[in-house]
């Protein structure tokens, strides 16, 4: 996707290295050394971070949005869902390429663009984490309430899922986390594909849906479908999971690109399967779903009426795997980002490192840091309080506005960073990457303006 070569040394020397004044004390040992050997070629056996992104980025809300697209327009917007996956491939590839080409993280890149990036992200990560924590716990609790109607209520299940996610991420490192995420994505993949096959898709209509068509009144909905499926902040977290996997410089570039494509091809299958389910089960019958994650509970009831209790229960299991995978993915990935953010801020402001952060980063053990665990607690306990309160209107508006700005922020800053001297010459954007990232940036600016307008007016 990048339109660049896959070999060579960085403009600053070494293998895709960075300028000495930018490398920082957290620079990892170069690939090809005993400490961090690089691969000779791309191989399926290396993939992993992409699976984590796919499991985290496709949450219950994404499935509902695609389901409603199918129920409203049939197969007509299938092309838009696929373009959305291609857009996300470009964004995640760009984030991963920055990490591997420069040997630094996105925060170091953002900081080089000015202090405004620090101010924006500081406010964003605090408010977003507070509201998202409650949302993720509620989403994970919904299928459990449907599976065990005689068990605890929604809020109790929500608290349980949040605490289980906290304990799991607190005591495990990336390798275990990746294995669990692989199991969760395998569950939801098999279940969603099974349900899509059960509803007997009309292949002719599905093929016709690959031709770009805009039904009346569908423009903004189509843009939302393109931009909304496959993750938001997890796009930025991808580079951190790449580093946690042990991929630290440009010798891993081919592997990262294969890994990223696998992630979004998998995402594409989810999207197509849910659109088929919406088109076949809902569109032809003119059945409307409840908005939000509760729409999946509605779908479970419809599946039970049509195909029996076993299919309905299986779907609810897939719903839980989707929601809980997104929960622990955010608990892990965004906590990594927060730890890096605070560490770099303190280092630059006070000239000191938090704890033994340098050693932790070099050994891939950032999960042990105080700041990582502090953000884990922030994602869990304050949102538990929010579960028992009506969400304050002002907080919801701030959350929505900050979230709306994140994807334009990510796309446009990646264009800036990857076309500048901050990136070694051979890893800068090619024509294709620039076209895709620019298109993504413009798309997200339009969606941002619409979302802010809807929130305020």
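Details
- So residue 339, is it modelled with pLDDT of 85 or more, in a helix (DSSP H, G or I), crowded, with 24+ Cβ neighbours inside 10 Å and touching a helix residue (DSSP H, G or I) at 6+ places or on another chain (Cβ under 7 Å): yes
- Note on the range 37-155: enclosed helices (runs of 4 or more DSSP H) holding 2 or more residues that are free of Cβ contacts under 8 Å to residues at least 40 places away in the same chain and surrounded by fewer than 23 Cβ atoms within 10 Å (Cβ to Cβ) are 116-147.
- Every pair of residues 6+ apart whose Cβ atoms lie under 9 Å, when the first sits in the range 371-397 and is on the phi < 0 side of the Ramachandran plot while the second is at pLDDT below 75 and surrounded by fewer than 18 Cβ atoms within 10 Å (Cβ to Cβ): 371/355; 386/392; 386/395; 396/455; 397/455; 397/456
For every residue, the table says whether it meets (1) within 14 Å of the chain's Cα centre (by Cα); (2) more than 22 Å from residue 109 (Cβ to Cβ); (3) surrounded by fewer than 16 Cβ atoms within 10 Å (Cβ to Cβ).
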{"position": "181", "(1), (2), (3)": "yes, yes, no"}
{"position": "186", "(1), (2), (3)": "no, yes, yes"}
{"position": "216", "(1), (2), (3)": "no, yes, yes"}
{"position": "219", "(1), (2), (3)": "no, yes, yes"}
{"position": "243", "(1), (2), (3)": "no, no, no"}
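- Sole exception among (1) modelled with pLDDT under 90; (2) within 19 Å of residue 139 (Cα to Cα); (3) part of a helix (DSSP H, G or I); (4) touching a helix residue (DSSP H, G or I) at 6+ places or on another chain (Cβ under 7 Å) for residue 380, by number: (1)
- Only listed residue being modelled with pLDDT of 90 or more and either within 21 Å of residue 265 (Cα to Cα) or within 18 Å of the chain's Cα centre (by Cα) (or both), chosen from 207, 195, 159, 176: 195
- Members of the range 414-429 found to be surrounded by 16 or more Cβ atoms within 10 Å (Cβ to Cβ) and over 19 Å from residue 238 (Cα atoms), listed by number: 422, 424, 426
- Selection of the range 245-274 for residues being part of a loop (DSSP other than H, G, I, E, B) and crowded, with 24+ Cβ neighbours inside 10 Å yields 247, 248, 249.
- Residue list for the range 198-211, filter: loosely packed, with under 15 Cβ neighbours inside 10 Å and more than 23 Å from residue 83 (Cα to Cα): 200
- Some residue of the range 392-402 being modelled with pLDDT of 90 or more and touching a helix residue (DSSP H, G or I) at 6+ places or on another chain (Cβ under 9 Å): no
- Selection status of residue 438, under 26 Å from residue 101 (Cα atoms), in contact with a helix residue (DSSP H, G or I) (Cβ under 7 Å, 6 or more places away or on another chain) and surrounded by fewer than 16 Cβ atoms within 10 Å (Cβ to Cβ): yes
The values are calculated or read from the model by the stated rules, or taken from the named source; none is laboratory data. Being a predicted model, the structure only gives us computed values, none of them experimental. So basically every Cβ, Gly included, is an ideal-geometry build from the backbone, and we count neighbours across all protein chains shown.
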